[in-house]
Amino acid sequence: MKRTAAIIFRSTILILIGVTIGLLISDNAYENNKLGFSFTNKDKVSKTLQLVRTTYVDSVNTDSIEGVTVNNLLQNLDPHSLYLPPKQATSVNERLEGGYNGIGISYILLRDTLFISQLNPGGPAAKAGLAAGNKIIAINNQPISGKSLTPDKVDNLFKDKNNETLQLTVLNNDGKLHTYEIKKDHIDLSSLDAAYMAAPLTGYIKISKFASTTDADFRADLLKLKKQGMQKLVLDLRGNGGGYLNTATALADEFLTSGQLIVYTKGVHEARTDYFATDSGNFQHGNLAVLIDENSASASEILAGALQDLDRATIVGRRSFGKGLVQEQFPFKDGSAINLTVARYYTPSGRSIQKSYKNGTESYRNELTERMKKGELFSEQNNLNDTLFTKQSPYHTANGRKVFSGGGIMPDIFVPADTTQNILLVKEIAARQLYMAYVLDRMQPELNKYTSVDVYLKQYTVSDKELGDFIKYAAQSIKGIDPKDVASSREFIKTKLKSYAARFKWGDEAYFKSINANDPVLKKGIEAVR
């Protein structure tokens, strides 16, 4: 029977690509024989694991085997039914629940030393007087340095539940040692990275994930921009891998009018559920563009698909990832969890945008690489030549425009990827965190010359000499840098270096103001809402 709801809030979630999950295995369901087991056709997995625990020749970590076994089982179902070990489950849920218990810092390990790279505004560390660039020498009198120092070890020290107060020994930017007693507190993690006026009358909001607080954060930033004269909006979902289903429907509700169908879900064990817009939206009529790319997935595609099908927004960028499956999380007492696919979702026109996984998980995960090899990220025509889009489509928007199913959301306006971003040198620099390392090591005196982010963005440019100095710095970590790669990606590297420096000094919004300054996708988005 068909079920309906205005905006139904439920625990079903669309989990970010790349996470893993697991299956409940009972330790209490075994029948005894002379070995302690009755070998029936049921519970083969759990009984095999119990046999390994009790009779195998060597000692083994059955918890680890259990996770791998269950994950392999689930991966044979679909690529998004996965196992989350306890630490990973906690990390994912913290991101989506919008916060964690801690002191509110981000850090980087540089030359076996722990540097603070960013502070959460209003967090305990910021209130205590710590600053970006400080070196943490010891935590609770335990020295923090050396080649054995790893991000996992640092995380364990900061997140130790037995220590609600941390004593930090810090080398401040004045070159003096200071000791701080910092009590942990709840740290809010906003899912909105930036909200500012990108052009006259046009606001820009960047959403990184669909967390429990996203709609409230969006409403607050929307109000802020309206007070600054915003009448049109560009919503940036590039790189947004998803999050909660009910958050995606709540965001869609901000732009749609009462009674419009946002999305519906159904599965073999899940009756069809329709999600409708109410009349509570705060931006129901202004011109709207949505930016997507190949890493926009899941909840991002629900929102983009609804706005496209209902002709409410212009979709700009590149074809999205293509994840149309709904997961529900099933937690275990040890902190691990299963995210099991329970339904598919369908856009208002009735299309499923889930790409095929019939050739297995490995082929599925390599699909983006194959799209790149075929030139789909760099040419609109190469996209349209895909068999997904050459066949007749039965799906149309509210105004009769043809749309496609089975492989993500095709944008209304295509903008090719920047080829210079795919050069190995650029990827190596990012992987080794060399932009932030260089800012910490070399750029702080320059940054101190600027009184505000707006002055910095307007007046500072990365000179050719500065680029040369940065490449020399990077060459200490990356061997055999090809001058041709530097020449072809020079402008992109300059932009990234300037943007990382802005983030270090003024935060995430400053980063996006800088990185977006000459962004062709944003420019097309602004043009689309004029």
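Close amide H partners of Ile207, meaning residues 5 or more places away or on another chain with modelled amide H under 5 Å apart, are Asp193, Asp236. Modelled label positions at Lys358 and Asp279, each set 7 Å beyond Cα in the direction of Cβ, lie 4.7 nm from each other. Shown for the range 322-365: the carbon plus sulfur share of the solvent-accessible area, taken with all protein chains present and a 1.4 angstrom probe, equals 50%.
Summing +1 for each Lys or Arg and -1 for each Asp or Glu among the other residues whose beta-carbon sits under 9 angstrom from that of Gly243 gives +2.
How many angstrom separate the Cα center of the range 436-472 from the Cα center of the range 352-429? What the calculation gives is 37 Å, centre to centre. Between the residues Gln50, Ser463, Phe504, the greatest Cα displacement towards the positive end of the dipole of the chain, with unit charges on the Cβ of Lys, Arg, Asp and Glu, is found for Ser463. Note on Asn287 and Asp464: the model spin-label points, each 7 Å out from Cα along the C-beta direction, lie 3.9 nm apart.
The loop-placed trypsin sites (Lys or Arg not before Pro) in the range 126-190, going by DSSP, that have at most 11 neighbouring Cβ atoms within 10 Å of their Cβ come out as Lys147, Lys161, Lys176. Using the 1.4 Å probe convention, the accessible area of the chain works out to 47 Å² per residue with neighbouring protein chains retained. Note on Asn173 and Glu446: the model spin-label points, each 7 Å out from Cα along the C-beta direction, lie 1.6 nm apart.
Beta bridges per DSSP, both residues in the chain: antiparallel share near 75 percent. Residue by residue, the range 197-212 carries 3J(HN,Hα) couplings of 7, 8, 6, x, 6, 10, x, 9, 10, 9, 10, 8, 6, 9, 9, 5 Hz when phi is fed to the Karplus relation 6.51 cos²θ - 1.76 cosθ + 1.60 (θ = phi - 60°); x denotes Gly or Pro. The relative contact order of the chain comes to 15 percent, based on Cα pairs under 8 Å that sit 6 or more residues apart. Compared with the direct C-alpha span, the chain from Asp454 to Ala517 gains 21.5 nm at full extension, assuming 0.36 nm per residue. With a Förster radius of 51 Å, plug the Cβ-Cβ distance of Ala199 and Lys147 into 1/(1 + (r/R0)^6) and report the FRET value to the nearest 0.05. Approximately 0.55, to the nearest 0.05. Residues whose amide H lies under 5 Å from that of Asn287, counting only those 5 or more places away or on a different chain, are Leu233; hydrogens are built 1.01 Å from N in the peptide plane. Here the accessible area of the range 450-527 is 50 percent carbon and sulfur, with a 1.4 angstrom probe and all protein chains present.
The slack between Leu368 and Val60, meaning 0.36 nm per residue of separation minus the straight C-alpha distance, is 107.2 nm.
Considering only alpha-carbon pairs that sit under 8 angstrom and 6 or more positions apart, the relative contact order computed for the range 402-530 is 32 percent. Here the range 88-182 exposes an accessible surface that is 48 percent carbon and sulfur, computed with a 1.4 Å probe and the other protein chains kept in place.
The values are calculated or read from the model by the stated rules, or taken from the named source; none is laboratory data. The model shown is predicted, which means the values in this text are computed figures rather than measured ones. Note that we place each Cβ from the backbone using ideal geometry, even for glycine, and neighbour counts take in every protein chain shown. In case anyone asks, the SASA skips ligands and DNA or RNA and just uses the protein heavy atoms, side chains included. Shrake-Rupley method; radii C 1.70, N 1.55, O 1.52, S 1.80 Å.
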